[in-house]
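Q: Structure in structure tokens, see below.
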Amino acid sequence: MRLLLTLAVFLAAPLAAADYSGTWNLDGDVAGNVIKGACTLKQEGTKVTGVCKLEGKADADATGEAGEEKLVFQHKVEHNGNIYTLEYTGKRVSETELKGDINVPNTDAKGVFTAKKG
């Protein structure tokens, strides 16, 4: 009986999601262009909001979705007079590190990044 009660409590409880809130220091590359900066994110449930600041660029609002092992977020950036959206898909390597891909919609530009929580 005790085993059944323990199992019922375990199955009824939602799995704890990873918390991606905090400042993430980014290092990456998109089509030969260095990406370096930081994103300060706040997570509420699976929704992520915040601000990203890339070196030499204006602050940009960030939005995204958090999963147990993955964080997907995006922000806009100006490059050579054009505005682009950078979409990051990061896999959690540890509680303080992400690695993943950067996609720039409506272009052929792609890249990679690492982020460390600091």
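Q: Read through the list (1) in a strand (DSSP E or B); (2) modelled with pLDDT under 95, then give the number of the only condition that Leu15 fails.
A: (1)
Q: Follow-up question, since we're still on this one. Within the range 21-75, which residues are among the hydroxyl-bearing types (Ser, Thr, Tyr) and in contact (Cβ under 8 Å) with a residue 60 or more places away in the chain?
A: In the first step, residues of the range 21-75 are kept if they are among the hydroxyl-bearing types (Ser, Thr, Tyr); the result is 21, 23, 40, 46, 49, 63.
Within the range 21-75, Thr23 is the sole residue that qualifies.
Q: How many residues does the range 59-77 contain that are in contact with a Phe, Trp or Tyr (Cβ under 8 Å, 6 or more places away or on another chain) and of a type outside the set (A, V, I, L, M, F, W, C)? Can you show your working first?
A: If we filter the range 59-77 for residues that are in contact with a Phe, Trp or Tyr (Cβ under 8 Å, 6 or more places away or on another chain), which is where we start, we get 62-66, 71-74, 76-77.
Retained after the next criterion (residues that are of a type outside the set (A, V, I, L, M, F, W, C)): 63-65, 74, 76.
Total satisfying the criteria: 5.
The values are calculated or read from the model by the stated rules, or taken from the named source; none is laboratory data. Since this is a predicted model, take the numbers as computed values, not measurements. Cβ coordinates were reconstructed from backbone atoms using ideal geometry, including for glycine residues, and neighbour counts include every protein chain displayed.
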